[in-house]
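The values are calculated or read from the model by the stated rules, or taken from the named source; none is laboratory data. Note that the structure is predicted; figures quoted are calculated from it, not measured. Every residue, glycine as well, gets a Cβ built from its backbone with ideal geometry; the counts of neighbours run over all protein chains shown. Quick note on the areas: whole protein, heavy atoms, side chains included, nothing else; ligands and nucleic acids left out. Shrake-Rupley method; radii C 1.70, N 1.55, O 1.52, S 1.80 Å.
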Amino acid sequence: MGKSKGDMLQTFEVKTSAKTDLIDITRFVQEAVRKAKVTDGICIIFVPHTTAGITINENADPAVSRDIVMMFNKIVPNQGPYQHLEGNSPAHIKASMTGFSQTVFVASGKLVLGTWQGIFFCEFDGPRSRKVHVRAMKVEE
Amino acid sequence: MGKSKGDMLQTFEVKTSAKTDLIDITRFVQEAVRKAKVTDGICIIFVPHTTAGITINENADPAVSRDIVMMFNKIVPNQGPYQHLEGNSPAHIKASMTGFSQTVFVASGKLVLGTWQGIFFCEFDGPRSRKVHVRAMKVEE
Amino acid sequence: MGKSKGDMLQTFEVKTSAKTDLIDITRFVQEAVRKAKVTDGICIIFVPHTTAGITINENADPAVSRDIVMMFNKIVPNQGPYQHLEGNSPAHIKASMTGFSQTVFVASGKLVLGTWQGIFFCEFDGPRSRKVHVRAMKVEE
């Protein structure tokens, strides 16, 4: 995990191993919060890609993320009247459905996530080496 | 509405009464902004669940939120080759489609919403008692 | 581009020319960041409508945004058992799928976007004259 562009804008890499996959990155985000020394505030996670997104969901049963990937692949099928010649339009569309950033509260130095929540990088056009930007910010009261 | 985890991270409950439903929570969010005494800044609303989400949409005609629920149920049908044994994968998938947080500007102590906009809690696996975290933050200029 | 409701909450107009369309607004958002004189922080873009949204995606090949619009129109068809009498329920539903705001980091006075990323206004019920609110915020470290 390295720092880039501004003191506390951190960037880490995610290596994905399948065409479509959800990868739990919660611990990397939590580590970025720790490095930023933010105890009370918010944390924003941003994916600088156009065929990958970011979401939050259950990280207890891995079948949940598999079902999400399966259904996104059904909703946006690989075959279709796509014009984009690179052939990865379904990945672009799925990314716009999950979104490219998530905002999570930070309290007592920890991400304020629900019992079952984890933060997932959504690979829709892998396998690739990807980047995730994270910034934790203090909130003044 | 009580305070928790940090001075101005507020949490309120939403009791849902159907399997899938959109519930207008705008007034509770506005009340949280008032309690935080933020006149100019941003307000972030976060749902700490994995089978419920949050969205913004029209709150004038209740048929709009019924149509949203109806269509989400069509796009992600209850029956499917889901692996998650708990049987609520469709709810997890719909939540990743709406998202788990919304960010709204605050000016003169009020949420800066469009004429027809309301903030909706999206229940996808109810009925249940749910939580919503809200934090209003001053912006320094 | 004018200022409104708070010193640095800026608003600009987007005139759309089709029923459904994605319009690249990156340069207007970057201009708002410049006017706000924020060199290091975050920028939030918010659409105060209920039948339009905002997303990030590829702005190199225009076929990508055409494919996104085409597929959203397939996923949420114009004909359906919609109850909302105004007849634009599909637009409300698509807007809840893309979302109403985006958050982008700012470093050295520039939006921190990936190589292929642009910020797009999503018109789902045009043609109309629309508004976009933008606020760039310094982050104190």
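Assigned to a helix (DSSP H, G or I), in contact (Cβ under 8 Å) with a residue 24 or more places away in the chain and buried (at least 19 other Cβ atoms within 10 Å of the Cβ) - does that describe any residue in region B:110-127? Talk me through it step by step, then tell me what you get.
So in region B:110-127, the residues assigned to a helix (DSSP H, G or I) come out as none.
So far as region B:110-127 goes, no, none of its residues is assigned to a helix (DSSP H, G or I), in contact (Cβ under 8 Å) with a residue 24 or more places away in the chain and buried (at least 19 other Cβ atoms within 10 Å of the Cβ).
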Legend entry - Odd one out for C:GLU13 among (1) modelled with pLDDT under 95; (2) over 28 Å from A:MET137 (Cβ atoms): (1)
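Could you tell me which residue of region C:75-89 is surrounded by the fewest Cβ atoms within 10 Å (Cβ to Cβ), considering only residues that are facing another protein chain (nearest Cβ under 8 Å) and of a type outside the set (A, V, I, L, M)?
So the residue we want is C:PRO81.
Could you grab me the full set of residues in region C:41-62 that are open to solvent by less than 40 Å² (accessible area, probe 1.4 Å), out of contact with any Leu (no Cβ under 7 Å at 6 or more places or on another chain) and of a type outside the set (Val, Ile, Thr)? Talk me through it step by step, then tell me what you get.
We begin by selecting, within region C:41-62, every residue open to solvent by less than 40 Å² (accessible area, probe 1.4 Å); these are C:41-58.
Checking which are out of contact with any Leu (no Cβ under 7 Å at 6 or more places or on another chain) leaves us with C:41-42, C:44-47, C:49-58.
The answer is C:GLY41, C:PHE46, C:HIS49, C:ALA52, C:GLY53, C:ASN57, C:GLU58.
In region A:96-109, how many residues are among the polar types (S, T, N, Q) and surrounded by fewer than 19 Cβ atoms within 10 Å (Cβ to Cβ)?
Restricting attention to region A:96-109, the residues satisfying the condition of being among the polar types (S, T, N, Q) are A:96, A:98, A:101-103, A:108.
Next cut, surrounded by fewer than 19 Cβ atoms within 10 Å (Cβ to Cβ) only: A:108.
Residues that pass the stated criteria total 1.
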Inset, instruction - Answer yes or no as to whether C:ALA107 is touching a Gly at 6+ places or on another chain (Cβ under 9 Å) and within 9 Å of chain A (Cβ to nearest Cβ). - result: yes
Legend entry - Any chance C:PHE28 is touching a His at 6+ places or on another chain (Cβ under 9 Å) and either under 22 Å from C:LYS131 (Cα atoms) or open to solvent by 40 Å² or more (accessible area, probe 1.4 Å) (or both): no
Inset, instruction - Would you check if B:LYS94 is basic (Lys, Arg) and more than 10 Å from chain A (Cβ to nearest Cβ)? - result: no
Legend entry - Residue in region B:88-101 that is farthest from the chain's Cα centre (by Cα), counting only those that are under 24 Å from C:SER89 (Cβ atoms) and not in a helix (DSSP H, G or I): B:GLY99
Inset, instruction - Identify, by number, the condition in (1) among the hydrophobic types (A, V, I, L, M, F, W, C); (2) closer than 17 Å to A:THR55 by Cα; (3) surrounded by fewer than 17 Cβ atoms within 10 Å (Cβ to Cβ) that A:ILE93 doesn't meet. - result: (3)
Legend entry - Unmet criterion (only one of (1) touching a residue at least 60 places away in the same chain (Cβ under 8 Å); (2) within 9 Å of chain B (Cβ to nearest Cβ); (3) over 13 Å from the mean Cα position of the chain (by Cα)) for C:ALA18: (2)
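Within region A:63-74, how many residues are polar (S, T, N, Q) and either at pLDDT below 95 or surrounded by fewer than 16 Cβ atoms within 10 Å (Cβ to Cβ) (or both)? Walk me through it before giving the result.
Here is the first cut: in region A:63-74, the residues polar (S, T, N, Q) are A:65, A:73.
Going one step further and asking which of them are either at pLDDT below 95 or surrounded by fewer than 16 Cβ atoms within 10 Å (Cβ to Cβ) (or both), we end up with A:73.
Qualifying residue count, region A:63-74: 1.
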Inset, instruction - Please go through region C:110-128 and pick out each residue that is away from chain A (no Cβ under 11 Å) and either over 15 Å from C:ASP24 (Cα atoms) or more than 14 Å from the chain's Cα centre (by Cα) (or both). - result: C:ASP125, C:GLY126, C:PRO127, C:ARG128
Legend entry - Evaluation of A:SER4 against (1) at pLDDT 95 or above; (2) open to solvent by less than 60 Å² (accessible area, probe 1.4 Å); (3) of a type in the set (S, T, N, Q) (one fails), failing number: (1)
Inset, instruction - Looking for whichever is under 20 Å from A:MET97 (Cβ atoms) and not small (Gly, Ala, Ser) here; the options are C:GLN30, C:GLN79, C:GLN102, C:GLN83. Which one fits? - result: C:GLN102
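Where in region A:1-87 are there strands (runs of 3 or more DSSP E), lying fully within it, with 2 or more residues that are closer than 22 Å to C:MET70 by Cβ and touching a Phe, Trp or Tyr at 6+ places or on another chain (Cβ under 7 Å)? Walk me through it before giving the result.
Values: elements: A:9-15, A:21-24, A:41-46, A:52-58.
Fully inside region A:1-87 and qualifying: A:52-58.
Do we find that B:VAL47 is over 23 Å from C:GLN102 (Cα atoms) and either more than 7 Å from every other protein chain (Cβ to nearest Cβ) or modelled with pLDDT of 95 or more (or both) in this structure?
It is false that B:VAL47 is over 23 Å from C:GLN102 (Cα atoms) and either more than 7 Å from every other protein chain (Cβ to nearest Cβ) or modelled with pLDDT of 95 or more (or both).
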